[in-house]
1. On full extension of the chain, what length is gained from residue 90 through residue 112, given 0.36 nm per residue of separation minus the C-alpha to C-alpha distance?
2. Would you give the gap between the C-alpha center of the stretch 78-135 and the C-alpha center of the stretch 15-73, rounded to a whole Å?
3. If you take all C-alpha pairs in the chain, what percent of them are over 21 Å apart?
4. What is the Cα centroid distance between the stretch 179-222 and the stretch 136-177, reported in whole angstrom?
5. With a 10 Å Cβ neighbour count serving as the proxy for reagent exposure, in which order, fewest first, do 108, 155 appear?
6. When the convex hull of the Cα atoms of the stretch 123-192 is projected onto a plane and the area is averaged over all directions, what value comes out in nm²?
Amino acid sequence: MEFYEVLEKRRSMRAFHSEPVDQKVIERVFQNALAAPSNCNTQPWYAHVVSGPQLESLRALLPEKFMAGEIELDFPYDGVYEGEFKDRQYASAQALYDALGIERQDKVNRNIAFMRNFTFFDAPHVAFFYLPSGFGIREACDLGMFAQSVMLGLVNEGLGSCPQTALGFHAGTLRQALGIADDRKLMFGLSFGRPLEDAPVNACRTARAGFDDLIQWHTDLA
Ligand SMILES: Cc1cc2nc3c(=O)[nH]c(=O)nc-3n(C[C@H](O)[C@H](O)[C@H](O)COP(=O)(O)O)c2cc1C
């Protein structure tokens, strides 16, 4: 696939076919994503990819934990968006609920849609992205570059994914269930697989801010 087509095709997918992806394809995606850049080439990322019975057990466990209010984050979830950032947040939520045919005031169905985060949108695989403990915002950028490389690689293979901060609510549960060491801190998860092309939720399209609003050119001396 042509590179700009890969970039354009990557959108968050929230409905998947249940059949697992060939393990060799998944390995190829993660292997190639290791080429991502990082501060001083530290490569401060760990990915834990979960499939099969272990994934099914998490699919049952996470909604239970969330409903019981058992939430344990490794990183704070306290960003407050104002101004144009708040507008974009609202617009992206609106695009999602419009795709699902859910009215703004329909809290019940909005909650049902949100809860699908914890069943991985029925995806056959999920990858959890971890930062070594003690690392901060600089290294989080590296982890993001690695994760974006994974997402683009998945598109290149005809697959789709959804990055999910919501999965970070279960950092403690996941560390215990997967036997992950305490010195790995969960940033987010990524459900992935072959997207259901005709699922209404996958028709969601989010807008982008204007080129001239975000990119400025500096050439002439003042
Ligand atoms: C780090 C990160 C965390 C995200 N967390 C969630 C999430 O928890 N649940 C969800 O449905 N979408 C989540 N998203 C998807 C965003 O809503 C989506 O990327 C944004 O609206 C732009 O849409 P697009 O990915 O289709 O281009 C997340 C995206 C990123 C990059």
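Each reported figure results from applying straightforward, stated rules to the coordinates on display, with no laboratory input. Please read these numbers as outputs of a predicted model, since none were measured by experiment. Counting neighbours? That spans all protein chains shown, and the Cβs are built from the backbone with ideal geometry, glycine included.
1. Details: separation 22, 0.36 × 22 = 7.92 nm, distance 1.83 nm.
Between residue 90 and residue 112, full extension yields an extra 6.1 nm.
2. Their Cα centres are 17 Å away from one another.
3. So the pairs more than 21 Å apart make up 60 percent of the total in the chain.
4. Answer, in whole Å: 10.
5. On the way: 108 8, 155 21.
Going from sparsest to densest Cβ surroundings: 108, 155.
6. Values: hull surface 19.1 nm².
In nm², the orientation-averaged hull projection of the stretch 123-192 is 4.8.
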